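Visitor: One structure, as structure tokens, below. Some questions next.
The values are calculated or read from the model by the stated rules, or taken from the named source; none is laboratory data. Because the structure is predicted, anything quoted here is derived from the model rather than measured. Please note: Cβ atoms are built from the backbone with ideal geometry, for glycine as well, and neighbour counts cover all protein chains shown. Please note that ligands, DNA and RNA were not included when accessible areas were found on the heavy atoms of the full protein model with its side chains. Shrake-Rupley method; radii C 1.70, N 1.55, O 1.52, S 1.80 Å.
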Amino acid sequence: MCGIVGYIGDKSAAPFLLDGLTKLEYRGYDSAGIAVYGDGNIFIEKAVGRLNALKEKLKGRMPEGVVGIGHTRWATHGRPSDRNAHPHTDCHGNFIVVHNGIIENYMALKEELLAKGHNFTSETDTEVAAHLMEDLYDGDFAGTVCKVLKRIEGSYSLVFMSKDHPEELICAKQDNPLVVGLGEGENFIASDIPAIINKTRSTYILNDGEVAIVKKDSITITDREGKPVNKKIFNVSWNAEAAEKGGYEHFMLKEIHEQPKAIRDTMRGFIKQIRPSKNNHAERIASDGSSIVFPELKWDPEFLRNIDKVYIVACGTAYHAGLVGKFYIEKLARMLVEVDLASEFRYRDPIIDNKTLTIFISQSGETSDTLAAMKESKRLGAKTLAITNVIGSSLAREADQVLYTIAGPEIAVASTKAYTTQLILMFMLALYMAQLRKTVNEDRTRELISLLKKIPAQISETLTDVDPIKTFARSYGFNEHVFYIGRSLDYCVALEGALKLKEISYIHAEAYAAGELKHGTLALIVEGVPVIALATQKSVYDKTISNIKEVKARDAVVIGIAAAGDTELEKYIDHVMYVPDTDELLIPLLTVVPLQLLAYYAAITRGCDVDKPRNLAKSVTVE
Ligand code: F6R
């Protein structure tokens with residue numbers, strides 16, 4: 001997500017801030033800004049675009065001052081613009097703040113502060129933190145920060161600076177990284193170690209709920225009540241490159257491990273307790289206090305209720321997410337859904353009218369085929385909805401309505417966290433539509449929401465024991481052909497697993513609907529051929545087992561993926577990997593994880609360039 005830096009010491013702050021932001025640009029790069037205190041004033045400069053735009057603006061007018069904070073942004077609330085770039089201030093420019101994360105209750109806080117006469121200048125959630133400081137300030141800077149933290153719900157790493165307290169910076173952490181670097185006569189703050197690694201290797205890694213009062217020659221860590229916390233210094237031994245990857249060997253592995261957080265962040269906006277209002281069409285759909293809401297969707301619910309056909313259009317991994325989305329919408333909202341490859345859709349004269357909803361899924365929001373398909377769909381009169389990870393992307397600008405995955409920048413070419421966040425969003429959208437169309441009863445809705453909330457922790461569980469996956473990748477990483485089979489949603493996930501393996505390990509992998517093997521592909525199953533068999537869909541379980549027996553009878557080496565508690569599968573095959581059990585609709589979010597890891601470790605075994613596979617680009621902006 002966003003990158004944060006802070007400096008307090010004897011040296012000029014701005015060069016460190018810009019250097020630190022350069023190291024963090026991989027975390028977010030749609031706008032950037034700095035604030036520096038000098039001569040009783042705070043100088044702020046911000047610029048939309050890459051960090052270079054800010055550097056250009058500062059040419060010849062670098063602010064003097066020995067205290068400062070900086071931010072490079074990956075937009076979540078409010079499109080990329082100078083106004084929405086951080087730092088943000090209160091009404092009088094006394095309190096300055098940079099933030100990484102999402103303040104969930106910002107709308108309610110903003111309404112409260114507006115009613116008190118506060119003047120907001122941005123569309124961000126962050127700005128409420130600066131105005132809250134102004135509202136609650138009692139002369140005690142750190143004490144007021146603690147009061148503000150008690151009002152804020154959500155995730156954050158925050159750094160506050162005050163015109164009245166230039167001798168200190170105060171920072172706080174909840175669910176987002178924050179580190180304080182110890183120097184001599186100077187101290188540093190950063191969201192991530194790469195920003196400070198060339199200044200110091202002595203750090204305090206803050207834990208959730210901790211607050212740091214950082215002065216040039218002292219650092220005090222407290223809890224949110226202001227009670228001191230005893231903290232051990234952590235000496236960083238990583239080199240700069242490893243630090244950028246958070247200590248992981250590759251961005252892909254880091255991003256696989258980021259999935260629980262990415263999913264939590266994506267769900268955050270849509271599962272909440274909210275009062276239904278005329279303006280946002282929010283609907284309360286579960287009686288345990290949780291609701292699925294889509295405040296961003298400005299369509300009249302009547303339109304969503306009366307849609308007679310949905311197209312989901314995308315490329316590659318996003319297309320595979322669309323295939324899962326079809327199951328969700330058809331099963332829950334009982335609407336007819338077709339899934340199309342974007343490169344095919346616009347040339348096949350699709351049947352579209354004003355009761356058709358077309359959904360375009362794209363991590364980057366810049367894929368040329370997907371964009372062109374959306375334009376065609378609009379031309380034919382359909383309503384268009386974009387699901388993308390990049391605020392302000394071309395797809396987001398072109399669409400009638402947009403829903404955002406909050407996965408943060410995805411740097412590895414092979415998509416992982418974008419896929420799982422797309423699945424989560426599709427699931428919540430389907431459940432929302434189901435409520436509008438009254439196709440799922442309240443008990444089932446409540447059950448699904450409660451299972452949905454467990455998914456991030458279940459993914460973390462899946463990520464704890466990767467040794468069997470490594471072993472399998474080492475044993476079979478040099479096979480030239482691998483088959484993936486499954487039925488129903490397992491088949492959709494098999495397609496994604498096979499794509500991951502192909503693109504980063506260059507192993508020829510094919511995914512088949514398990515029932516389809518006997519119509520030709522079975523001819524390729526001979527002794528020793530690895531087959532990955534997904535068997536998590538309870539409604540077709542027995543049929544899947546029959547298909548697995550078919551390949552086993554041809555002496556394939558079969559590795560199964562099953563839900564915890566399954567005692568059947570291991571009787572027939574060579575090895576089983578288990579994922580936590582959940583509803584069969586949600587289990588693709590779990591089964592894909594071992595497949596991502598399998599592809600990753602197979603690529604490592606073969607010595608491939610995991611993050612930059614040959615012939616591929618992260619964003620395909622040509623047809
Ligand atoms: C595979 C992968 C690609 C993308 C595809 C669409 O790991 O990343 O298949 O999914 O190029 O990209 P977006 O989602 O940016 O439209």
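Visitor: Just to confirm my numbers, what's the Cα centroid distance between segment 93-160 and segment 172-225 in Å?
Guide: Computed from Cα coordinates, the inter-centre distance equals 21 Å.
Visitor: Still on this structure, please answer the following. For the chain, what does the accessible surface come to per residue with a 1.4 Å probe? Please give it in Å².
Guide: Here the residues of the chain average 38 Å² of exposed surface.
Visitor: Using modelled backbone amide H atoms (1.01 Å from N, in-plane), which distant-in-sequence or interchain residues come within less than 5 Å of Ile406's amide H?
Guide: Thr266
Visitor: Moving on to the next point. Filter the chymotrypsin sites (Phe, Trp or Tyr not before Pro) in segment 312-403 to those in DSSP coil with at most 10 other Cβ atoms within 10 Å of their Cβ, and list the result.
Guide: Within segment 312-403, the qualifying chymotrypsin sites (Phe, Trp or Tyr not before Pro) (loop, at most 10 other Cβ atoms within 10 Å) are Tyr347.
Visitor: Mind pulling the angle between the C-alpha long axis of helix 13-24 and the longest principal axis of the chain? Nearest 10 degrees, somewhere in 0 to 90.
Guide: Value to nearest ten degrees: 0.
Visitor: In sequence order, what are the phi-derived ³J(HN,Hα) couplings for segment 536-550 according to the Karplus relation 6.51 cos²θ - 1.76 cosθ + 1.60 with θ = phi - 60°, rounded to whole Hz, with x for glycine and proline?
Guide: Running phi through 6.51 cos²θ - 1.76 cosθ + 1.60 with θ = phi - 60° gives 10, 8, 4, 5, 10, 4, 4, 5, 5, 4, 4, 5, 5, 4, 4 Hz.
Visitor: Ignoring ligands, DNA and RNA, what percent of the 1.4 Å accessible area of segment 326-413 is carbon and sulfur?
Guide: Result for segment 326-413: 46 percent of the exposed heavy-atom area is carbon or sulfur.
Visitor: Using each residue's phi in segment 308-322, evaluate 6.51 cos²θ - 1.76 cosθ + 1.60 at θ = phi - 60° and report the 3J(HN,Hα) Karplus result to the nearest Hz, with x for Gly and Pro.
Guide: 10, 7, 10, 10, 10, 10, 5, 10, x, 4, 5, 5, 5, 5, x
Visitor: Let me ask another. Using alpha carbons only, how many degrees (0 to 90, rounded to 10) separate the axis of helix 442-462 from the longest principal axis of the chain?
Guide: Roughly 80 degrees, rounded to the nearest 10.
Visitor: Please give the peptides 55-63, 478-486, 254-262 ranked by average Cβ packing (other Cβ atoms within 10 Å per residue), highest first, as a rough proxy for protection.
Guide: In descending order of packing, they fall as 254-262, 478-486, 55-63.
Visitor: First compute the accessible area of segment 511-623 with a 1.4 Å probe, then give the percent of it belonging to carbon and sulfur atoms.
Guide: Carbon-and-sulfur percentage of accessible area, whole number: 51.
Visitor: Can you compute the equivalent ellipsoid semi-axes for segment 342-439, i.e. the square root of 5 times each eigenvalue of the Cα gyration tensor, sorted largest first and rounded to whole Å?
Guide: The three semi-axes for segment 342-439 are 22, 19, 11 Å.
Visitor: Could you work out how far the C-alpha centroid of segment 328-379 sits from that of segment 579-603, in angstrom?
Guide: 26 Å
Visitor: In whole Hz and in residue order, list the ³J(HN,Hα) couplings for segment 356-365 that follow from phi through the Karplus curve 6.51 cos²θ - 1.76 cosθ + 1.60, θ = phi - 60°; x for Gly and Pro.
Guide: 9, 9, 10, 10, 10, 10, 7, 4, 6, x
Visitor: Something else: Taking 10 °C and 1.306 mPa s as the conditions, I'd like the Stokes-Einstein D for the chain in µm²/s, using the Kirkwood hydrodynamic radius from alpha carbon pairs.
Guide: Value of D from the Cα-based Kirkwood radius: 62 µm²/s.
Visitor: In Å, the Kirkwood hydrodynamic radius of segment 376-514 over pairs of distinct alpha carbons?
Guide: Value: 18.1 Å, from the Cα pair sum.
Visitor: Could you pull out every residue, at least 5 positions away or on a different chain, whose amide H is within less than 5 Å of the one on Asn105? Hs are placed 1.01 Å off N in the peptide plane, and Pro or chain starts have none.
Guide: Distant-sequence amide H within range of Asn105: Glu153.
Visitor: If you don't mind, another one. What angle, in degrees between 0 and 90 and rounded to the nearest 10, separates the Cα long axis of helix 588-605 from the longest principal axis of the Cα atoms of the chain?
Guide: Once rounded, the angle reads 90 degrees.
Visitor: From the alpha carbon gyration tensor of segment 465-549, can you work out the equivalent ellipsoid semi-axes (sqrt of 5 times each eigenvalue) and give them in Å, largest to smallest?
Guide: 21, 15, 12
Visitor: Let me ask something else about it. At q = 0.09, 0.22 Å⁻¹, what is the log10 ratio I(q)/I(0) for segment 490-623, with the Debye formula run over Cα points and no solvent?
Guide: Results for segment 490-623 at q = 0.09, 0.22 Å⁻¹ read -0.28, -1.37.
Visitor: Rank-order 463-472, 177-186, 555-564, 121-130 by packing density, defined as the average count of other C-beta atoms within 10 Å over each peptide's residues, highest first.
Guide: Highest to lowest by the protection proxy: 121-130, 555-564, 177-186, 463-472.
Visitor: What residues have an amide H closer than 5 Å to that of Val557, excluding those fewer than 5 places away on the same chain, when H is modeled at 1.01 Å from N in the peptide plane?
Guide: Answer set, sorted by chain and number: Gly528, Val529, Val531.
Visitor: Using only Cα atoms, figure out Rg for segment 68-131 and give it as a multiple of 2.2 N^0.38 Å.
Guide: That ratio works out to 1.03.
Visitor: Could you rank the peptides 164-171, 420-427, 105-112 by their average count of other C-beta atoms within 10 Å per residue, with the highest value first?
Guide: Going from most to least packed, we get 420-427, 164-171, 105-112.
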